[in-house]
Amino acid sequence: MHSPLVRRLAAQQGVDLTTVHGTGPDGSITRADVDHAAHPVGSGAGGTVRAEDVRKAARVETPQPATTTT
């Protein structure tokens, strides 16, 4: 089951709806499903993204408090 919006988005993005897993009610395909099919995670120029690399990138170093001397 696809809405006209989903069909149009899929056509614009070159997504074959028969290959998309629907996450909407009763398995219907949503706009987000089409977007994810068109731009899968880890499909950048570097190829596959490892989980460890994602964890490293997500770490934020806590800045040290500034010390003042008087």
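Details
- Gyration tensor (alpha-carbon) shape descriptor, the range 1-43, a/c threshold 1.5: oblate
- Working from label points 7 Å from Cα in the Cα-to-Cβ sense, the THR67 to THR23 distance is 4.7 nm.
Any read-out appearing in this document is the output of simple, stated calculations on the displayed coordinates, not a laboratory observation. Because the structure is a prediction, the values reported are computed rather than measured. Backbone-built Cβ (ideal geometry, glycine too); neighbour counts: all protein chains shown.
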